[in-house]
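Computed from the coordinates by the stated procedures, all read-outs in this text should not be read as laboratory data. Worth saying up front: this structure is predicted, and the values here are computed from it rather than measured. Virtual Cβ from ideal backbone geometry, glycine too; neighbours counted across all protein chains shown.
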Amino acid sequence: VRTQVAIIGAGPAGLLLSHLLAKAGIESVVIDSRTRDEIEHTIRAGILEQGTVEILSESGASDRVRTVGNRHEGVELRFAGEGHRIDFEALVGRAVWLFPQHEALKDLIAVRLAEGQDLRFNVTAQRVEGAETDRPRVIATDAEGRPLEIEADFVVGADGSRSVARAAVSGSSTGGYFREYPFAWFGILCEAPPSSDELIYSNSPNGFALISQRSATIQRMYLQCDPDLDPNAMSDRQIWDDLQSRVDGHTLIEGPIFQRDVLRFRSFVAHELLRGRVALIGDAAHTVPPTGAKGMNLAVADVVLLNNALQALLLDDDSRLLEAFPETALKRIWKAQHFSWWMTSMLHVGPDATDFDRLRQVGELRSVVESEAGRRYLAEAYTGWPLEGR
Ligand code: DHB
């Protein structure tokens, strides 16, 4: 197979890039090792920055983000038995949207297929070759296990945290800056009305909890847990009691729990994002812990930059934006890394936390919510810094 841009990974990054390139008249082939059903039904995060929503809706990738998605103009930070609202609209005149990632993926897949895009599921990339030539290639096997080679002008690794493209860019599949955390999130979906109008990020002596939502009848909630917790080890009663204790002073509406998962988390940035004619975007380039919901939004910011760079390269034979891509992308990536680390460390209770650590943390939270500058920083970061290149 020959194409202009070979994209490994049909997640938000790969699909949106393919969509934006097609609008500029650039052809791509997108492959993913998963089935369409798996991609469309894997539960992921649900918060989109204002800029992400604008790109999805203005580019025609998803109308439902505005019709089905819900605009949230603030969040609550809860600690020491009290809630404190961070009013995004008043602080920065911006908002976020609650629209689950897999819903955005359904829209992106539908649009790509309706436009006759070459989008192949169940195709597994093995490696990328020829990064430093004019004809980089993706070596893969198709759904029937037959070899498939895609030759392109440019290859994009949008293949997630276990990226195979990474080896061709940074010389190893694990090479990067990273940090592990001694806790994870236990996530549930339950059948109940929302327990609150807005999301609640809660710090408590028992650990962190996040009260999120999915719809009028389905809610998503998380509690900090041991990374090795077996999701089936806790009864519904234990989960509700634990959640309730962590949002001390706020009553949760309970309902049947129908899905449980454990999300391990880490911070990671690949040592290199570009080599010759192969680039990494999204989770292949960086992973953030989930607190603050930056993952998909950061992937979209990478896509905006790489889309501009590939248009200049392939339509005008101008490589300057591409050469600048890593440096430009990394500025936002490290800001988002900091924000995600900060939200995580401010709200979670480490297994070795001392009384000093606990009290300092409450002091930190107080210094954020009681200061307009503190609230504004949180609001700016949460709703998303301006997207460069739009
Ligand atoms: C959700 C996930 C997050 O990581 C977050 O910060 C907010 C919401 C969610 O899945 O709803």
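Restricting to the stretch 327-358, count the residues that are assigned to a helix (DSSP H, G or I) and either closer than 30 Å to R246 by Cβ or among the charged types (D, E, K, R) (or both).
Matching residues across the stretch 327-358 total 20.
Does the stretch 157-182 hold any residues that are surrounded by fewer than 20 Cβ atoms within 10 Å (Cβ to Cβ), under 20 Å from R266 (Cα atoms) and not charged (D, E, K, R), and which are they? Before you say what the answer is, go through the steps one by one.
Restricting attention to the stretch 157-182, the residues satisfying the condition of being surrounded by fewer than 20 Cβ atoms within 10 Å (Cβ to Cβ) are 161-162, 167, 171-182.
Still in the list and also under 20 Å from R266 (Cα atoms): 161-162, 167, 172-182.
Those that are surrounded by fewer than 20 Cβ atoms within 10 Å (Cβ to Cβ), under 20 Å from R266 (Cα atoms) and not charged (D, E, K, R): S161, A167, S172, S173, T174, G175, G176, Y177, F178, Y181, P182.
Picking from A301, A312, A293, A324, which residue would you name as being under 30 Å from S28 (Cα atoms), in contact with a Lys or Arg (Cβ under 6 Å, 6 or more places away or on another chain) and not polar (S, T, N, Q)?
Details: A312 fails: in contact with a Lys or Arg (Cβ under 6 Å, 6 or more places away or on another chain); A293 fails: in contact with a Lys or Arg (Cβ under 6 Å, 6 or more places away or on another chain); A324 fails: in contact with a Lys or Arg (Cβ under 6 Å, 6 or more places away or on another chain).
Just a single option satisfies the conditions, and that option is A301.
Have a look at E40, E115 and point out the one that is within 30 Å of E151 (Cβ to Cβ), surrounded by fewer than 20 Cβ atoms within 10 Å (Cβ to Cβ), more than 16 Å from the ligand (Cβ to nearest atom) and within 17 Å of the chain's Cα centre (by Cα). Explain how you work it out, then say what you get.
Values: E115 fails: within 17 Å of the chain's Cα centre (by Cα).
When all the criteria are applied, what remains is E40.
Output yes when any residue across the stretch 339-353 is buried (at least 20 other Cβ atoms within 10 Å of the Cβ), touching a Gly at 6+ places or on another chain (Cβ under 7 Å) and at positive phi, and no when none is.
Scanning the stretch 339-353, I find no residue that is buried (at least 20 other Cβ atoms within 10 Å of the Cβ), touching a Gly at 6+ places or on another chain (Cβ under 7 Å) and at positive phi, so the answer is no.
S195: surrounded by fewer than 23 Cβ atoms within 10 Å (Cβ to Cβ) and under 27 Å from I47 (Cα atoms), yes or no? Full working, then the answer.
Working: surrounded by fewer than 23 Cβ atoms within 10 Å (Cβ to Cβ): yes; under 27 Å from I47 (Cα atoms): yes.
When the stated conditions are applied, S195 passes them.
Need pairs with beta-carbon distance below 6 Å; first residue touching a residue at least 40 places away in the same chain (Cβ under 8 Å) and surrounded by fewer than 24 Cβ atoms within 10 Å (Cβ to Cβ) and within the stretch 1-13, second acidic (D, E) and not in a strand (DSSP E or B); sequence gap 6+ or separate chains.
T3/E27; Q4/E27
Of all residues in the stretch 65-99, count the ones that are without any contact (Cβ under 8 Å) to a residue 40 or more places away in the chain and buried (at least 20 other Cβ atoms within 10 Å of the Cβ).
Adding up the residues that qualify gives 1.
Criterion first (hydrophobic (A, V, I, L, M, F, W, C), closer than 30 Å to E272 by Cβ and not in a helix (DSSP H, G or I)) does A324 satisfy it?
Values: hydrophobic (A, V, I, L, M, F, W, C): yes; closer than 30 Å to E272 by Cβ: yes; not in a helix (DSSP H, G or I): no.
When the stated conditions are applied, A324 does not pass them.
Give the residues of the stretch 199-230 that are outside any strand (DSSP E or B), within 26 Å of A104 (Cα to Cα) and either more than 11 Å from the ligand (Cβ to nearest atom) or of a type in the set (V, I, T) (or both), sorted by residue number. Quick ask: steps written out before the conclusion?
At the first step, the residues of the stretch 199-230 found to be outside any strand (DSSP E or B) are 199, 203-208, 212-217, 226-230.
Imposing the further condition that a residue be within 26 Å of A104 (Cα to Cα) reduces the set to 199, 212-217.
Passing the criteria: S215, A216, T217.
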